[in-house]
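Asker: Next up is a structure, given as structure tokens.
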Amino acid sequence: MTDQPLAGARIAILIESQYIPSELRIYQERFTEYGATVDLVSRLWGQPSLRFYSTVEPTDEQNVPPVEWVEVSIDVDAVDPSSYDAVIAVANYPTVRMRYNTPPRTSEEAPVTAREAPVVRFFRRAMADRRVIKAAPCHALWLLTPAPDLLAGRRVTCNPVLIADVINAGGVYVPFAEGTPESEQVAVDDDLVTSTSWHATEKLVATVRDLILARRDPEWRATEPVRAGYAEWSASPFPRTEDATSLTGSLAPGATGDGGPQWERTRRVLVLLSEWGYWGEELVGPVEELDKAGYEVDFITPNGRRPNAIPASLDPNFFDPPLNRPITTPEMAAKAQEFDDPSTESGKRLEHPLSLAEWFPQRPYYSAPQAVRLLEAYQRAVEQASRQVARYDALLIVGGSGPIVDLANNRRVHDLILAFYRAGKPIAAECYGVTCLAFARDLNERKSIISGKHVTGHCLEYDYLDGTSFVEARGKYLNFNMGPPPYPLEFILRDATAPDGAFHGNFGHPTSVIVDYPFITGRSTPDSVLTGQKLIEVLDHGLRRWGW
């Protein structure tokens, strides 16, 4: 980095009385050192300039810090926020003063009056320009809460006294990890930088500097928004486009179609697993087939935690209660045990799965504050996230009892399925994982995507009377037996496929796999290998209908 990386940049500091002198000095000194011009801007009430005083917080009766004064001669209504590279509202209580306006005469006027305070209006105009970096430390989000459409869906931090205001304005408050020092508590949501207090001013300045520099890149407008600083959320790990640089492939020898070389891309399948227990063979069976076909496989779980096999699925001596016989061969049990063991090569594949929560947003409650704005923000985020399926050829949902807990009615799972469905890509599901297909529905149509389709799944005759179990490992196994499954999957699938589709249980048949494009469904454990084989036939040989 050069000595003056921000040469030519302009920074606007929004200020009023009760500012913190140390914070202001850091802004002025650091940005000036970086080569930027720093302007102090405020509401001047028709005066050519005004003086504002600093906050006074005595440590004891004998030690009262002196009041400092700063003179401002730039009126907020006289400048265009888009003429600046960054707009920063100072911390503490100046933003309370900057929100002041004449009290409205009627309740109908109140929202407009709140939005029309000059500094609020200026900050709103700045928010309309993504090129301009906005920084709101400590209490400064008070400049955005009067115009909640700007804060809806934005991931921010703030002084704790503002949390209710931020939430009521539709913002998403995300806390920092326990033990994070105040000096590091800076959060970034694209063009909006927030912090919990003025103690993070040095880091906030460095963050603003880096974001300004990023926007000087000619390719900046093609990049994804930057989001960072949170304990519970980070930027998506997926590439932005499906161009050749984001895909694994090799040049086909001698291929010259259309006058140029052709690329043979390695197929890639995304495998979704529950964090509450998958059935070992229902992972091993299809994944082995995908591996043999030369496919690449990525694993994803709801929150990025390592998935774990249900112990019974690792035991070749386990008698399945409805069938009254073992259903796992010693060979398959050994393979499933390898996948469940993090020290093996197979087990290492599951060690760091992708996180669905980091990819797709959570759908807000309809009763949430600023629900309309939040839903608009949610739809935009879903559309952006859905583009990431371009790098995959198919989705596979692994079965077992775990999907009952964290996949079947997981709205992020539904959005993932809908992204593949709308892209016309195959979706395979096994056992209780098929439930996710029944519940994946467009918010407006409310009709299952398997309506009119033919599917199979865990049929009524194979449901347990006792022994439906879930397992989660956070350092140790926590086994839980809830007795029978909480719902009969067969009934759900019969209702979801009606009136023109059908559920095929194929009770008494050794296997049951149905292909009704784009869906490939497998009934249960014995169908796992065949499910993988049919998925490959769909992708490589154009299979569109099979098994009914």
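Asker: Out of SER73, SER83, report the one residue that is surrounded by fewer than 19 Cβ atoms within 10 Å (Cβ to Cβ) and within 34 Å of the chain's Cα centre (by Cα). Step through it out loud before you land on a result.
Answerer: Numbers: SER73 fails: within 34 Å of the chain's Cα centre (by Cα).
Of SER73, SER83, the one residue that is surrounded by fewer than 19 Cβ atoms within 10 Å (Cβ to Cβ) and within 34 Å of the chain's Cα centre (by Cα) is SER83.
Yes/no matrix, rows are residues, columns are (1) touching a strand residue (DSSP E or B) at 6+ places or on another chain (Cβ under 6 Å); (2) buried (at least 19 other Cβ atoms within 10 Å of the Cβ):
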| residue | (1), (2) |
| --- | --- |
| ILE26 | no, no |
| ALA36 | yes, yes |
| VAL67 | yes, no |
| ALA78 | no, no |
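Asker: Within the stretch 85-97, is there a residue that is in contact with a strand residue (DSSP E or B) (Cβ under 6 Å, 6 or more places away or on another chain), among the acidic types (Asp, Glu) and in the same structural domain as SER17 (by TED's automatic domain parsing)?
Answerer: So the first thing to find is which residues in the stretch 85-97 are in contact with a strand residue (DSSP E or B) (Cβ under 6 Å, 6 or more places away or on another chain), and the list is 85-91, 94-95.
The next check asks that each one be among the acidic types (Asp, Glu); those that pass are 85.
Within this subset, residues satisfying the condition of being in the same structural domain as SER17 (by TED's automatic domain parsing) are 85.
Yes; the residues of the stretch 85-97 include at least one that is in contact with a strand residue (DSSP E or B) (Cβ under 6 Å, 6 or more places away or on another chain), among the acidic types (Asp, Glu) and in the same structural domain as SER17 (by TED's automatic domain parsing).
Asker: Let me confirm something: among THR32, THR95, THR102, which residue is surrounded by fewer than 17 Cβ atoms within 10 Å (Cβ to Cβ), among the β-branched types (Val, Ile, Thr) and under 40 Å from the mean Cα position of the chain (by Cα)?
Answerer: Details: THR95 fails: surrounded by fewer than 17 Cβ atoms within 10 Å (Cβ to Cβ); THR102 fails: under 40 Å from the mean Cα position of the chain (by Cα).
Among THR32, THR95, THR102, only THR32 is surrounded by fewer than 17 Cβ atoms within 10 Å (Cβ to Cβ), among the β-branched types (Val, Ile, Thr) and under 40 Å from the mean Cα position of the chain (by Cα).
Asker: Condition test on VAL112, is it crowded, with 18+ Cβ neighbours inside 10 Å and either among the aliphatic types (A, V, I, L, M) or part of a loop (DSSP other than H, G, I, E, B) (or both)? Break it down into steps so the answer makes sense when it comes.
Answerer: Values: crowded, with 18+ Cβ neighbours inside 10 Å: no; either among the aliphatic types (A, V, I, L, M) or part of a loop (DSSP other than H, G, I, E, B) (or both): yes.
In short, no.
Asker: Quick one: which of TYR19, TYR34, TYR27 is of a type in the set (Ser, Thr, Tyr) and in contact with a Ser or Thr (Cβ under 6 Å, 6 or more places away or on another chain)?
Answerer: Going through TYR19, TYR34, TYR27 in turn, just one is of a type in the set (Ser, Thr, Tyr) and in contact with a Ser or Thr (Cβ under 6 Å, 6 or more places away or on another chain): TYR19.
Asker: So which of GLU472, GLU490, GLU461 is more than 28 Å from SER448 (Cα to Cα) and either surrounded by 12 or more Cβ atoms within 10 Å (Cβ to Cβ) or at pLDDT below 95 (or both)? If you could, list the steps in order and put the result at the bottom.
Answerer: Working: GLU490 fails: more than 28 Å from SER448 (Cα to Cα); GLU461 fails: more than 28 Å from SER448 (Cα to Cα).
None of the other options fit; the residue is GLU472.
Asker: A further question on this structure: When you go through ALA377, ALA368 one by one, which is the residue that is outside the structural domain of ILE300 (by TED's automatic domain parsing), buried (at least 19 other Cβ atoms within 10 Å of the Cβ) and at pLDDT below 95?
Answerer: It is ALA377.
Asker: Continuing with this model, one more query. Being part of a loop (DSSP other than H, G, I, E, B) and either without any contact (Cβ under 8 Å) to a residue 60 or more places away in the chain or not charged (D, E, K, R) (or both) is the filter here, so list the residues in the stretch 445-458 that pass it.
Answerer: GLU445, ARG446, LYS447, ILE449, ILE450, SER451, GLY452, THR456, GLY457, HIS458
Asker: Okay, next question. Restricting attention to the stretch 154-176, which residues are out of contact with any Lys or Arg (no Cβ under 7 Å at 6 or more places or on another chain) and not aliphatic (A, V, I, L, M)? If you could, list the steps in order and put the result at the bottom.
Answerer: Quick first cut of the stretch 154-176, residues out of contact with any Lys or Arg (no Cβ under 7 Å at 6 or more places or on another chain) only: 154, 156-169, 173, 175-176.
ARG154, THR157, CYS158, ASN159, PRO160, ASP165, ASN168, TYR173, PRO175, PHE176, listed by residue number.
Asker: Still on this model: Quick check on PHE122: is it in a helix (DSSP H, G or I) and of a type outside the set (Val, Ile, Thr)?
Answerer: Details: in a helix (DSSP H, G or I): yes; of a type outside the set (Val, Ile, Thr): yes.
Spelling it out, PHE122 is indeed in a helix (DSSP H, G or I) and of a type outside the set (Val, Ile, Thr).
Asker: Would you confirm whether or not the stretch 169-180 contains a residue that is closer than 25 Å to SER22 by Cβ, free of Cβ contacts under 8 Å to residues at least 60 places away in the same chain, surrounded by 14 or more Cβ atoms within 10 Å (Cβ to Cβ) and not polar (S, T, N, Q)?
Answerer: For the stretch 169-180, residues closer than 25 Å to SER22 by Cβ, free of Cβ contacts under 8 Å to residues at least 60 places away in the same chain, surrounded by 14 or more Cβ atoms within 10 Å (Cβ to Cβ) and not polar (S, T, N, Q): present.
Asker: Follow-up. Exactly one condition in (1) touching a residue at least 12 places away in the same chain (Cβ under 8 Å); (2) among the β-branched types (Val, Ile, Thr); (3) over 19 Å from ALA86 (Cβ atoms) is false for VAL112; which is it?
Answerer: With (1) touching a residue at least 12 places away in the same chain (Cβ under 8 Å); (2) among the β-branched types (Val, Ile, Thr); (3) over 19 Å from ALA86 (Cβ atoms) applied to VAL112, the lone miss is (1).
Asker: So how many residues does the stretch 67-104 have that are at pLDDT below 95 and among the hydroxyl-bearing types (Ser, Thr, Tyr)?
Answerer: Summing the residues that are at pLDDT below 95 and among the hydroxyl-bearing types (Ser, Thr, Tyr) in the stretch 67-104 gives 4.
Asker: From the list THR106, THR157, THR102, THR113, which one is out of contact with any Cys (no Cβ under 9 Å at 6 or more places or on another chain), closer than 19 Å to LEU374 by Cα and hydroxyl-bearing (Ser, Thr, Tyr)? Give the steps one after another, and end with the answer.
Answerer: Values: THR106 fails: closer than 19 Å to LEU374 by Cα; THR102 fails: closer than 19 Å to LEU374 by Cα; THR113 fails: closer than 19 Å to LEU374 by Cα.
One residue alone meets the criteria, THR157.
Asker: Something else now. Out of everything in the stretch 306-333 that is in a loop (DSSP other than H, G, I, E, B) and charged (D, E, K, R), what residue ends up being farthest from SER346 (Cα to Cα)?
Answerer: Our first condition is that a residue be in a loop (DSSP other than H, G, I, E, B); within the stretch 306-333, this holds for 306-308, 310, 315-318, 321-324, 327-329.
So of that shortlist, the ones also charged (D, E, K, R) come out as 306, 315.
Values: ARG306: 13, ASP315: 18 Å.
Within the stretch 306-333, the match that is farthest from SER346 (Cα to Cα) is ASP315.
Asker: Would you check if ARG131 is in contact with an Asp or Glu (Cβ under 9 Å, 6 or more places away or on another chain), in the same structural domain as LEU40 (by TED's automatic domain parsing) and outside any helix (DSSP H, G or I)?
Answerer: Values: in contact with an Asp or Glu (Cβ under 9 Å, 6 or more places away or on another chain): yes; in the same structural domain as LEU40 (by TED's automatic domain parsing): yes; outside any helix (DSSP H, G or I): yes.
The answer is yes for ARG131.
Rundown of residues vs (1) under 19 Å from ARG121 (Cβ atoms); (2) part of a helix (DSSP H, G or I); (3) not small (Gly, Ala, Ser), yes/no style:
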{"position": "THR145", "(1), (2), (3)": "yes, no, yes"}
{"position": "ASP149", "(1), (2), (3)": "yes, yes, yes"}
{"position": "ALA152", "(1), (2), (3)": "yes, no, no"}
{"position": "ASP165", "(1), (2), (3)": "yes, yes, yes"}
{"position": "GLY170", "(1), (2), (3)": "no, no, no"}
{"position": "GLU178", "(1), (2), (3)": "no, no, yes"}
{"position": "SER183", "(1), (2), (3)": "no, yes, no"}
{"position": "ALA187", "(1), (2), (3)": "no, no, no"}
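Asker: Follow-up. Could you figure out which of (1) under 34 Å from the mean Cα position of the chain (by Cα); (2) not in a strand (DSSP E or B) isn't true of VAL67?
Answerer: It is condition (1) that VAL67 fails.
The values are calculated or read from the model by the stated rules, or taken from the named source; none is laboratory data. A quick note: this is a predicted structure, and the numbers were derived from the prediction, not measured. Quick reminder, even Gly has a Cβ in these numbers, built from the backbone with ideal geometry, and neighbours come from all protein chains shown.
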